[in-house]
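Just so it is clear, none of the values below were taken in a lab; they were calculated from the coordinates. Keep in mind that this is a model prediction, so the values were computed, not measured. A quick note on method: Cβ atoms are made from the backbone with ideal geometry, for glycine too, and the neighbour counts reach across all protein chains shown.
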Amino acid sequence: MRTRARSIEEVKKSIESMRGRNLSVSVNKGRKKTVRLNGVIEDMFPSVFTFRAEKGDMVSFSYSDVICGEIVLE
């Protein structure tokens, strides 16, 4: 069964509630390549949010990536 589509506002609210907590992020890079990062959501902007990995790398993701399932926050 198809799941209900989430709006960008719903995604922003859920990401805002996870801000500052330790998270695990799975990133689908395509062709059966998945990267898993552990870290913290640092900042939120109108169209993207930034994630600082434990290794110190800063990565930005768009809210639409979360809606499409390219990014999974755990």
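Counting other Cβ atoms within 10 Å, which trypsin sites (Lys or Arg not before Pro) in the chain have at most 14 and lie in a DSSP loop? Could the numbers behind the result be given before it?
Numbers: sites: Arg2, Arg4, Arg6, Lys12, Lys13, Arg19, Arg21, Lys29, Arg31, Lys32, Lys33, Arg36, Arg52, Lys55; in loops: Arg2, Arg4, Arg6, Arg19, Arg21, Arg31, Lys32, Lys55.
Here the trypsin sites (Lys or Arg not before Pro) that fit, given the DSSP loop and packing criteria, are Arg2, Arg4, Arg6, Arg19, Arg21, Arg31, Lys32, Lys55.
Global dimensions of the chain from alpha-carbon coordinates: Rg and Dmax equal 12.1, 39 Å.
State, as an integer percentage, the relative contact order of the chain based on alpha-carbon contacts under 8 Å between residues 6 or more apart. Numbers along the way, then the final one.
Numbers: 111 pairs, mean separation 21.7, N = 74.
Taking the mean separation of contacting Cα pairs over the length of the chain, I get 29 percent.
Assuming charge only on the beta carbon of Lys and Arg (+1) and of Asp and Glu (-1), the dipole of the chain about its Cα centre is about 400 debye to the nearest 20.
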